[in-house]
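Below is one structure, written out as structure tokens, with a few remarks after it.
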Amino acid sequence: MPLREPTLSNLENNFIVNAVCDNRRYDGRRITDARDTQITLGLDYGCCTVSLGETKVMAQVAVEMERPKESRPSEGSLHIHVEMSTLASGNFDASKPGELGIEIQRILERSIILSRCLDLEELCIRVGERSWAVHLYIHVLCYDGNILDCASIAAITSLKHFRRPDITVEGKTVLVHSIEERNPLPLTMHHMPFCTTMAFFKDSKQLLVDPTRIEEKVMDGKLIISINNHKEVCCMQICGQVHISKPQILHSTDVAYLKSKELSEFVKNVLTDDLKYKQNGEKEQQVSLLCKRNLHVKENLMCNQHKKENLLVEIVNPITTTENFASELKKAPEWLTKHDSKTVSVGEGLINSWGKVGSSFFKSIKKPELPNLESNSEDENDSDEEIITLNQTS
Amino acid sequence: MLLNNVGEHIYLPGDVINSKIQTVCDGETVRLGPGLSKHNTDVTVSKAGSLCFGPPNTFWIDCHQKRYIPCKGENVIGVISGKQGDYYKVDIGSSDQALLNFLSFEGASKRNRPNLSPGDVVFGKLAIANKHMEPEMTCVDVNGKANGMGLVDDKYGILFQTSLNLARKLLSPDCILLPELGSRLAFEVIVGLNGKIALFCKSSAQTITLMKLINESEYLSNEQMLDVLKGMFL
């Protein structure tokens, strides 16, 4: 049973609408700013996590062999699956995709499959008999508005990042080589279409790029444009009650084009960096962050997940340990400062049944000091936020 | 010191903390707060967070939490979501919506009912809160006076959700953020213990700035807050 959506108050509604009239947004962005975009590539080919502010989407590409369709015997296929679990938001229903899920899936299909950005003919192995079917799984992990833009970045990045196994065709037999045997092959992509969502306010007179969850609730309607860096519009959709004029559509297309150009540059950089890392034999999971504003610069989150047992967790907390605090700690009984050797017990908080496990995990939690806070003008009151760095010890 | 955060150690659900409690209050009666529960003879942790101790004998677990669990007597901000019989349904961020009687307003009577519509913001006190029933709110004190409670109505305000920790921190007498800000800038603020904060400034730019400042002060010490404020108002 999904949770009820939080009620939107009149205060929020009026504030957002009034702020939009002054060309402001409640989170301090300008009207054409997107939120910080962060791409984390997974260790597997074709896996990536993209976050847009608080919104977070994971994409994974997989292939399987199938018999091609009768109507298109010389083509492979691409299938897009969108999963919106209750993990992302309490009011999503995991059992069915819902209106939003279907909308996202349809627009992604139109933007990626129908724009023919993926070369499907290359996926054919034997005409009419065997072809590759590419499956693109989109999982929404956290919802704070504008899932579509985030999902389209994730989809393109993971398709670009993916490598399929190499094959040899001998007569009627198809031999699939493992990754160790032969280098896997990338999918051929002709162009990279990225979706940009623009929300319209005040009888469609005001436009906001990349609306958050609250802005999505307040808006009159939205215009979604999928465009590639050759300035070719791949898909366009208007939802809600908006009356958009011709100049507005042209202006929106320009905005979407600029954003798409920036994003394709960014995705390319991320992928070439990843390739370099892989060639150098470093297994570091790579994280890249696209920041449009000086405001809100977060440190890169470096995560490494392939050796869980050797994780050094370093939590840099903005609370500087002042002398006062330190002396207070000294006065406290010994057990308070020492780390316990207990470990996690999953469940509702019953008694720990795991017994004693090594305490190295807790000992490695450090709390170093953070550099001084920087804060200058009224608009840049941003402070360094919590930085979590996960590194491999070995 | 009331909010005595004892040590940096993080406790996880399932940890047994009998020995820790005995080192501080041996042989005495102890009060267990949120995040601690008793199983047979053991005191077990049921939330991940740090252990806190309030003299003389109270222990609880402090953690980052956004889900509000209603507690009798707490001041909360809610959003009216509908009507049901003689009650308004109020969204206070808990799993169940709170009920607010038409008569629980100053000067309200059977004939003179308050006129609230969905989306209106109210500030009130929880009169009934237990785990088996829906919580009930009231907007009057024991003398039938509003005492600052009731409909929150202002043109330039915003309502935003923060973590419960931050709301408690802002309300604690140790926190200097709101008094210091107040000495430099004219604004009104209502902090609900359910993590909802209503903020009213003269302009939307000021409101946005203050909202960001409040949101980011969650992990700042008093000294750091002063530094930030000095930087802002120079």
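Things to note:
- Cross-link pairs A:205/A:268; B:66/B:131; A:56/A:96; B:72/B:202 - those with Cα-Cα distance over 24 Å: A:205/A:268; B:72/B:202
- A simple spin-label model places pseudo-atoms 7 Å from Cα toward Cβ; at residue B:133 and residue B:18 they are separated by 3.7 nm.
- This model, with +1 at the C-beta of Lys and Arg and -1 at the C-beta of Asp and Glu, gives the stretch B:4-62 a dipole about its Cα centre of some 140 debye.
- Volume in Å³ per residue [convex hull over Cα atoms, computed for the stretch B:157-233]: 79 Å³
- DSSP beta bridges fully contained in the stretch B:4-62 are about 90 percent antiparallel.
- Fewest neighbouring Cβ atoms within 10 Å first, the residues B:189, A:267, B:142, B:90 line up as B:142, B:189, A:267, B:90.
- Ranking B:231, B:191, B:25 by how far each Cα lies toward the positive end of the dipole of chain B (charges on Cβ) leaves B:191 at the top.
- FRET efficiency, 1/(1 + (r/R0)^6) with R0 45 Å, evaluated for residue A:206 and residue B:66 via beta carbons: 0.90
- At R0 = 56 Å, FRET efficiency that the Cβ-Cβ distance of residue A:133 and residue A:23 yields, to 0.05: 0.75
- Between the stretch A:195-251 and the stretch A:158-174, the Cα center-to-center distance that results, in Å: 39 Å
- Euclidean distance of C-alpha centroids, the stretch A:35-61 and the stretch B:185-234, integer Å: 32 Å
- Helix B:222-233 and the longest principal axis of the C-alpha atoms of chain B enclose an angle of approximately 40°.
- Computed from label points 7 Å out along Cα-Cβ, the spacing between residue A:268 and residue B:183 is 5.6 nm.
- FRET efficiency, residue A:246 to residue A:188 (Cβ-Cβ, R0 60 Å, nearest 0.05): 0.95
- Choice from B:108, B:198, B:146 showing the highest fluctuation, given a GNM over chain B with Cα pairs closer than 10 Å: B:108
- Area projected by the alpha carbon convex hull of chain B, averaged over all directions, nm²: 15.2 nm²
- Within 10 Å of the Cβ of each residue in B:12-20, the mean number of Cβ atoms contributed by other protein chains is 6.
- Pairs from the table (B:47/B:212; B:89/B:196; A:217/B:47; B:47/B:169; B:89/B:125) lying more than 21 angstrom apart at Cα are B:47/B:212; A:217/B:47.
- Mean ellipticity per residue at 222 nm, deg cm²/dmol - from DSSP H runs of n ≥ 4 across chain B, formula -39500 (n - 2.57): -6000 deg cm²/dmol
Since every read-out is calculated from the coordinates, none of them should be taken as a lab result. Since the structure is predicted, the reported quantities are computational estimates derived from the model, not experimental observations. Heads up, the Cβs are rebuilt from the backbone with ideal geometry, glycines too, and the neighbour counts pull from every protein chain shown.
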